[in-house]
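Only one structure is covered here, and it is reproduced in the block below.
A short reminder: the numbers here are calculations on the coordinates, not readings from a lab. These numbers come from a predicted model, not from an experiment. Here the Cβ positions follow ideal geometry from the backbone for every residue, glycine too, while neighbour counts run over all protein chains shown.
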Amino acid sequence: MQAILAVDLGGTKVAVQIADLTGHCHFEKRYYSGSYSDFHAVLRHLFNDIKTLGVTLISSCFAVAGPVIGMKAKLTNLPWLIDGVQLCQDFPLGKLYLCNDFVATAYGISAIHPDKLQVIHAVKASQKAPAVVIGAGTGLGQAVIMPSQQILATEGGNVDFAPRDAQQLALLQYAMTLMSHVSYERLLSGAGIELIYQFMLCQNKGSDNSVPGYGPLSAATISQLAQLGDNQCAIDTLRLFVRIYGAQAGNLALTTLARGGVYIAGGIAVKNSQFILSQDFIDAFLAKGKMAKLMTEIPVTLIMENDIGVIGARQLAIKRLDE
């Protein structure tokens, strides 16, 4: 069977799908990045897993969480170099396309079920204006969708963090004691949730990043406690996180005049949807001073599909067959 290979290559996991030429998925699996020395090792494991599947790959798309230059890419939050030419020599990938992971995410929007789209701010989208997608996970991805449907990759998650009030200024000062450059990605990510929680402990004169029965708190545990309402510091952490998230989503929308819509993606948003759907997020999104009225004309939608990156990579691998 002729097939395509779609890979969403992130800092935490590598999501893989193998589909036929109609897009029907015949194999899917997640490989955890920390278990492998490099991407070659992941592909060796994958090809061993599918050796009885009876497929011939004719097109592959690797969506990489980092800047892509030609046929080479470097992951932002993992010390892996991706060389597409070398990979094609070492594995039977067919025609290979490398792209930024949020280019794939943008392509995936049209392929997911409408039930997976949760409206945050309901206004009519303009078909003649750009749209944008932003998503926090291991890092902070962003992309621009032009009215022509061309997708522009960005590294906008790495721009300087700009505090909006006294608390966020104190957070910036705290973060600057830990790192030389404080970008939005440093805060809008899993590691960012942990950093903000530590900051909240310091603000509350706490001295221990732990809770009896839980031990040191990971981003996942902080989120869980916030959702359960069991830990005020965790709740305050998620509320500050989504205010920063809403502000940066608004920055991206204003920079691009994204009257075509703003899409919020990424695992953190899905897992913490009650906070993303709160007034904290949309208030921060809209608070753009003399541009506040313009912001009310921009629709905002939460993508509730965890696999949108690999779904988009699958769409791109099929699309490339005609090019």
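For the reader, a short list of remarks on this structure follows.
- Of all DSSP bridge pairs formed entirely within region 113-304, close to 65 percent run antiparallel.
- Spatial separation of Cα centroids for region 153-175 and region 14-60, in angstrom: 37
- One entry in (i) 18; (ii) 31; (iii) 21 is percent of Cα pairs over 37 Å apart calculated from the shown coordinates; its label is (i).
- Residue-span extension gain [Leu178 to Asn48] - 0.36 nm each, minus C-alpha spacing: 42.6 nm
- Each listed q (0.12, 0.19, 0.24 Å⁻¹) maps to a log10 I(q)/I(0) for region 1-100, found by the Debye formula over equal Cα scatterers with no solvent: -0.34, -0.89, -1.43.
- Angle in degrees between helix 39-49 and the longest Cα principal axis of the chain, rounded to the nearest 10: 60
- Separation of region 236-314 from region 69-104 is 28 Å, based on Cα centroids.
- With only Cα atoms counted, region 214-323 has Rg and Dmax values of 16.8, 54 Å.
- Modelled label reach - Gln2, point 7 Å along Cα→Cβ, region 303-319 residues with backbone N closer than 18 Å: 314-319
- Counted residue by residue at 0.36 nm each, then reduced by the alpha carbon distance between them, the extension gain from Leu321 to Ala111 reaches 73.9 nm.
- The smallest convex shape that holds all Cα atoms of region 113-304, its convex hull, gives 117 Å³ per residue.
- Measuring spread by the Cα atoms of region 255-304 yields a radius of gyration and Dmax of 11.4, 33 Å.
- Between Val55, Val68, Val242, the GNM of the chain built on Cα springs shorter than 10 angstrom shows Val55 fluctuating the most.
- In the chain, the DSSP beta bridges split such that about 60 percent are antiparallel, to the nearest 5.
- Relative to the longest principal axis of the Cα atoms of the chain, the long axis of helix 232-256 lies at roughly 60 degrees.
- Cross-link pairs exceeding 22 Å between alpha carbons, from the set Lys74/Lys95; Lys13/Lys72; Lys13/Lys74; Lys51/Lys72; Lys29/Lys271: Lys51/Lys72.
- Here the spin labels are modelled as points 7 Å beyond Cα on the Cα-Cβ line, and at Asn158 and Asp90 they lie 2.3 nm apart.
- Mean separation of Cα contacts under 8 Å, 6 or more apart, over the residue count of region 231-323: relative contact order %: 36
- Rounded tilt (10° steps) of 166-176 against the dominant C-alpha axis of the chain: 50
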